Amino acid sequence: MTGGGAGIGLAVVEELVARGARVAALDVDPSGAPEGVLPVPCDVRDRASIDAAIATVVSELGQLDVVINNAGISAVGTVEDLSDDDWSRVLDVNVVGMARVSAAALPHLRKSDAAAIVNTCSIAALNGLPQRALYAASKGAVLALTFAMATDHVAEGIRVNCVSPGTVHTGFVDRMLATFPDPAKEKAAMDARQAIGRMVTPEEVAYAVAYLASPRAGSTTGTSLDVDGGATHL
Ligand code: NAI
């Protein structure tokens, strides 16, 4: 599980541990990983760091059945506000990081009879949120990558899906809110974006990830599961 040290990823590792899974949290800062989870320092921008982390997971846990590509960073602004460095930085983590981790894990997943990859996408991939040009483009790429990988690996018995959360109240959102001139006003807009009138909880996303990761979703591959409080269709 990448980005397992905080926010949505932390809720996911807690849910998976509660269901009896042996879980590793790969994170630039894995110190937030809870009791019972293997904390593994890993930067998804760095192939050597990923290779070392996957080797640690396999040697410590014995096997690798599920990869959850969740590490991600945000960016606020229109195309006029964003520099080339911003584009490189966010795409490197949110998109290329997923491809790197998946590539390193695939040889191990091929040995599993319950192999699954779950990517954290976002409703921003399809919904045209304001001030999210780069972030939305990165998540659009995650959606396309999910479908492409599902196609490439279906014959190998590896399922690939993604979850698309609405706005989830985590440190990620608090840091984004701090960049707005009126954070309270922006928070109210973020709450209102979901038809249910509030942000999604990390636990609600974790239940969806746990489902997609489990053999109970054996007929589900190449899909995106919205956990968005009705933001997309209501
Ligand atoms: P967060 O900022 O609370 O947690 C992200 C975790 O990823 C942190 O533990 C961080 O250390 C780790 N991380 C960041 N860069 C990394 C790197 N290069 N290598 C390894 N680990 C790294 O964020 P949050 O909200 O939990 O987001 C997780 C995922 O969910 C992201 O992919 C984000 O785009 C996505 N998402 C978040 C939404 C939200 O409203 N919070 C909505 C939809 C999707």
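The values are calculated or read from the model by the stated rules, or taken from the named source; none is laboratory data. Every value quoted in this text rests on a predicted model; they were computed, and no experiment measured them. Glycine also receives a Cβ, built like all others from the backbone with ideal geometry; neighbour counts cover every protein chain displayed. Accessible surface areas use protein heavy atoms only, side chains included; no ligands, DNA or RNA. Shrake-Rupley method; radii C 1.70, N 1.55, O 1.52, S 1.80 Å.
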Placing +1 on each Lys and Arg Cβ and -1 on each Asp and Glu Cβ in the chain, then taking the dipole about the Cα centre, the residue among ASN70, ALA206, ALA33 whose Cα reaches farthest towards the positive end is ALA206
Å³ per residue of the Cα convex hull, for region 29-93? 106
Roll a 1.4 Å probe over the protein chains and send me the accessible area per residue for the chain in Å². 45
Which Cys residues of the chain have no other Cys beta carbon under 4.7 Å away? CYS42
Ranking ILE196, ILE73 from most to least accessible area with a 1.4 Å probe gives ILE196, ILE73
Accessible area of SER74 in the full protein assembly, 1.4 Å probe (Å², nearest 10): 40
Net charge of Cβ neighbours under 14 Å - reference GLU203; Lys, Arg +1; Asp, Glu -1: -1
Computed helical MRE - 222 nm, the chain, DSSP H runs ≥ 4 contributing -39500 (n - 2.57), nearest 500: -13500 deg cm²/dmol
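Less than 15 Å Cβ to Cβ from ASP226, Lys/Arg counted +1 and Asp/Glu -1: what total charge do the surrounding residues give?
Working: positive: LYS139, ARG193; negative: GLU204, ASP228.
The answer is 0.
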Dipole magnitude (debye, nearest 20) for region 1-158, charges at Cβ of Lys, Arg, Asp, Glu: 360
Working note, region 73-165: Cα radius of gyration (Å, one decimal) and Dmax (Å, whole number) are 14.5, 48
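Taking all protein chains in place and a 1.4 Å probe, what share, in percent, of the accessible surface of the chain do carbon and sulfur account for?
55
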Farthest toward the dipole's positive end in the chain, which of SER83, VAL12, ALA116, given Cβ charges of +1 (Lys, Arg) and -1 (Asp, Glu) about the Cα centre? ALA116
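Can you tell me the equivalent ellipsoid semi-axes for region 127-200? Use √(5λ) from the Cα gyration tensor, largest first, whole Å.
31, 13, 10
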For every other residue with a beta carbon closer than 11 angstrom to the beta carbon of ALA11, add +1 if it is Lys or Arg and -1 if Asp or Glu, then tell me the sum. -4
Using a 1.4 angstrom probe on the protein heavy atoms only, could you order HIS153, HIS169, HIS108 from most to least accessible area? HIS169, HIS108, HIS153
With no solvent and one equal point scatterer placed on each C-alpha of region 158-234, evaluate the Debye formula and give log10 I(q)/I(0) for q = 0.11, 0.23, 0.26 Å⁻¹, two decimals. -0.34, -1.01, -1.15
Quick one: divide the alpha-carbon radius of gyration of region 1-146 by 2.2 N^0.38 Å and tell me what you get. 1.05
